[in-house]
1. Tell me, which residues of segment B:114-156 get at least 30 Å² less accessible area when the other protein chains come in, versus the chain alone (1.4 Å probe)?
2. At what distance in nm do the modelled label points of B:Lys107 and A:Gln146 sit from each other, each positioned 7 Å from its Cα along Cα→Cβ?
3. Percent relative contact order of segment A:181-290, based on C-alpha pairs within less than 8 angstrom and at least six residues apart?
4. Taking only C-alpha pairs under 8 Å that are 6+ residues apart, what is the relative contact order of segment B:74-227 in percent?
5. Expressed as a whole percentage, what fraction of the accessible surface of segment B:2-71 belongs to carbon and sulfur atoms when a 1.4 Å probe is rolled over the protein heavy atoms?
6. Calculate, for the protein assembly as shown, the solvent-accessible area per residue in square angstrom, rolling a 1.4 angstrom probe over the heavy atoms of the protein chains.
7. Can you give the FRET efficiency to the nearest 0.05 for B:Tyr210 and A:His139, using r as the Cβ-Cβ distance and R₀ = 35 Å?
8. Which sequence of B:Tyr93, A:Tyr22 reflects their accessible areas, 1.4 Å probe, from the largest down?
Amino acid sequence: MSLKVIEQGVHTTIQDLGRYGYRSLGFPVNGPMDDYAMQLANFLVGNEASEAVLEMSVIGPTIECMTDTVIAITGADMSANINEQLIPYGKAVAVSAGDVIQLRTAKTGIYGYLAIKGGINVESLLGSKSTIVRADHDHLLTRPLQNGDEIPIRSAIVSTGQQPSYINPEVFDYITTSYPVIHYMEGAQYEWFDEKTKQLFEQIDWQISSQSNRMGYRINGGRLHYPQDKQLLTEATSFGAIQVPPSGEPIVLMADGQPTGGYPKIGQIAQVDLPKLSQLRPGQPFQLKKCTLNDAMEWLYERDRFLTMMQKLTNQLWKEV
Amino acid sequence: MQTRYVTENAVMFTVADELSQQAQETLLQLHHQLAEEKPDWLVESVIGYTTLTVYFYPLRIVHDQVANYIQSFNIQSNRTNNQHTLHRIPVCYHPSVALDIDEVARKHQLSMEQVIARHTSVTYTVSFLGFSPGFPFLSGLSDELATPRKETPRREVPKGSVGIAGQQTGIYPSTSPGGWQIIGRIPISLLHFHRLQPTLFQPGDQVQFYPISKQTYESYRRKEKHS
């Protein structure tokens, strides 16, 4: 039972919720750029939140189903179609052996997610099914997917026709918001920057540079300076850390970001806003706004309540099939 | 010990203002004790030069409790004779793989032999691993070899390259972009996905280098490929 990659797309990878426990050995966490859309895709097909999915970037892949199953697509709108018939977004859809699922260029956002009922049956690597970068090891999880790859999947009981679960597409409005506001907390070296620079940081219309990827997003709009005689002793970093190299042009560490870094961090993006940041397209203006750790925690709990509720709801729907 | 709440799920503890062996021992003790006690809220902890960052599940514990938990550890900072694994690592310093050894030698007005002698005469300590899977940051480099990073990083530094960046030396376990000055290459692999420990080095380990010829390097590489 498998899915066959006909056209690999720009950067298609397998991702679960990330690889934990190996950061002190130099391994990045990996995992989805937009964990919100990723988890919702899993819920739609009745999977656990952490089940591995396909993450598709900018231009999606073309995939042939070698077996009957159920899929759901969330995140960036890549005009998903089956045998050239558009399929709904944010909804479970039955597919049959021989069907061709095609994803095109993203019309909104950057990262799309394709979940498969039952999940991807690839052997985990260090306890996770997230793709590792720079691993020097031959495995389906150590590189982006390529033409001809067969992705093993688990069997699922499939009834054709209408599938039970869908999500109101408004849940994905964060991807299409124009001029979004992204919240950040003070970074570990926030005090290194003077008042004027801190103000500038919030006033600038920032844009994602095209020199951005799963490791880091360069953001353009202005330079942030700090005393050049200050040298940071390398310390741990996290997804969303806003590092400022000597050039003054910030880099936000993303899902494949290195686990330690030697550049001062002016800020740390609030976890709930990471999906919004990940989905920003190069050139699209956005604003950075400071929040407190308490704000960020409350938003996180709130999001967690929503995801738990969605999971219960979709589980219930699948049970009734 | 200073604490800083760096994200929704991490607290960073700073144990010293600057690099020292004592700071390193304290960090290792904290890291190991935490790994042993394995509280159910713990995700993992990551060592830096003077910091330990503790990642946790935010729905199970709050930052203040994490801070109190770590601060209650009884750390004997003068206990420096812990047993640390010593690795002896063969390095080929031949200019065909030591891409910047000429440049480093010229900068310090040393001969190539002197660079090699100074690089192999020290026992280094793995301060921590970072940058990429299995990449060791080794402290103990001779001041005479300290060299800033390259102004323009290379797009591809070959796997096994031994580099210098400021006061640090390190080894690239896989081919990747990088800005360190490359003074040698090792024929052995630092990543082992099917072993219990996927990386050769652990924080706190000790490392000595010894020089090998290009010929020996090639024959070790062939052996490594077959194993």
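The values are calculated or read from the model by the stated rules, or taken from the named source; none is laboratory data. Remember, it's a predicted structure, so these values are computed and weren't measured experimentally. Cβ placement follows ideal geometry from the backbone for every residue including glycine, while neighbour counts extend to all protein chains displayed. Ligands, DNA and RNA are excluded from the accessible area calculation, which covers all protein heavy atoms including side chains. Shrake-Rupley method; radii C 1.70, N 1.55, O 1.52, S 1.80 Å.
1. B:Leu129, B:Phe131, B:Pro133
2. Output for this residue pair reads 3.6 nm.
3. Once normalised by length, the contact order is 42 percent.
4. Here the relative contact order equals 32 percent.
5. 43 percent
6. Per residue, the protein assembly as shown has 43 Å² of solvent-accessible surface.
7. FRET efficiency, B:Tyr210 to A:His139: 0.60.
8. Accessible-area ranking of B:Tyr93, A:Tyr22, largest first: A:Tyr22, B:Tyr93.
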